[in-house]
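The values are calculated or read from the model by the stated rules, or taken from the named source; none is laboratory data. Values in this document were obtained by computation on a predicted structure and should not be read as measured data. A quick note on method: Cβ atoms are made from the backbone with ideal geometry, for glycine too, and the neighbour counts reach across all protein chains shown. Areas reflect the complete protein model, heavy atoms only, side chains present, ligands, DNA and RNA absent. Shrake-Rupley method; radii C 1.70, N 1.55, O 1.52, S 1.80 Å.
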Amino acid sequence: MTHTRTDEGEETTLRIEGTLDAVTAPELRSVVDDLVSEQRRGVTLDLSSLRLIDSSGVGLIVALFKRVKANGGQVRIVGLRDQPRAIFRLLRLDRVFPGGY
Amino acid sequence: VVDGVVELRVPGDLSWRNPVLRFVTEACRLISRGADADPEAQATAFEAEAVSAFGEAFNNVAIHGYDAASPGLVTIRIEWLHDRLVIAMTDDGRTFDPGSVVPPNLDDLPESGMGIYIMKSFMDQVVYQPGPPNRLHLTKLRSSPQSDARRSQPLTSSAELPGDERPALELGQAGGGVRNGGNARSGFRRRAMQPQKQPLLGGGATGPQGRAGDLEAVKPAVARAGRK
């Protein structure tokens, strides 16, 4: 898993590539903590290059959503496809991230 | 579509998750599409769902079944019959209590406790037999429609594993709570089974970081299998 963070004003785009799972999710937790502590108002997750996700990865994204929302911000998802899309649909996260499909 | 069987044995450790999932993905692809399958082809929904379910099962053994400091082995057998895929996992870790698992409330946006739900939703049958050794069978029918109706209903088919007289449980089946103490979210008990010392198939597998050679190092046995 690799990630790239890009800030433009109050907006942040976090691009995640590869696999976000029980192995790699802990590596991304500090990034989530930073986004929350900096009170970023808008966070866009670019998942167009995310190949695989498991329940641990989903848990991290949901945690990011809850914490940013608690700060009055918003998390959007773009580029969801293949296996990650199947997981998001199963877990009914399309209600939370309507722009990801 | 050919019938086939692939089996490998790896340490039940998260560092083996990536190579094992690649193995399962490629096995599904090879067996379902044939030896000339395009390795760059996009994953089908069938593959995505089977790999997702298996990944959660492997996570459970690595995280809850074994101690990270001294993981035991996991044997993974992938069998493709004319109408179904069967992934069997065997481990000697902590025993799992399917009846203790509470389904996640998706309306609450849970951050954990979704693994069993993913397994049950994406497979047509999930059967667990407490051990030692613990045995988990994940079955997915080729022609099974993925419907919300199936996902919301309990699994209903046979709860006996082939070739063994001990009782097995289907995940989602009503049952008692956690016995011997344990984790109400994961369903794993605290009491650890002593891992058996067994050699890796082929031996010499030392680097679990996902290099191509790692899968060859465990030398999975591939054989033709007759239809049953």
Q. Could you list, bin by bin from short to long, the percent of Cα-Cα pairs of the range B:73-150 in 5 Å steps?
A. 3, 14, 20, 22, 19, 14, 8, 1
Q: Give, as a single signed number, the net charge of other residues whose beta carbon lies under 12 Å from the beta carbon of A:R5, with Lys and Arg counted +1 and Asp and Glu -1.
A: -4
Q. Hey, what does the equivalent ellipsoid look like for the range A:1-70, semi-axes from the Cα gyration tensor as sqrt of 5 times each eigenvalue, largest first, whole Å?
A. 19, 13, 10
Q) In Å², nearest 100, what accessible area do chains B and A bury in total when the solvent probe is 1.4 Å? A) 2000 Å²
Q: Taking all protein chains together and a probe of 1.4 Å, list B:T44, B:T139 from the most accessible to the least accessible.
A: B:T44, B:T139
**Q.** Helix-only mean residue ellipticity at 222 nm for chain A, each DSSP H run of n ≥ 4 adding -39500 (n - 2.57), per residue, nearest 500
**A.** -12000 deg cm²/dmol
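What is the sum of charges around A:Q74, taking Lys and Arg as +1, Asp and Glu as -1, for the other residues whose C-beta is under 13 Å from the C-beta of A:Q74?
Combined, the nearby Lys, Arg, Asp and Glu give +4.
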Q | For A:S55, net neighbour charge (Lys/Arg +1, Asp/Glu -1) across residues whose Cβ lies under 11 Å away | A | -4
Q) Around B:Q125, which amide H atoms from residues at least 5 apart in sequence, or from another chain, sit under 5 Å from its own amide H, with H modelled in the peptide plane? A) B:T139
Q: Restricting things to alpha carbons, find the Rg to Rh ratio for the range B:43-93 using the Kirkwood radius for Rh.
A: 1.05
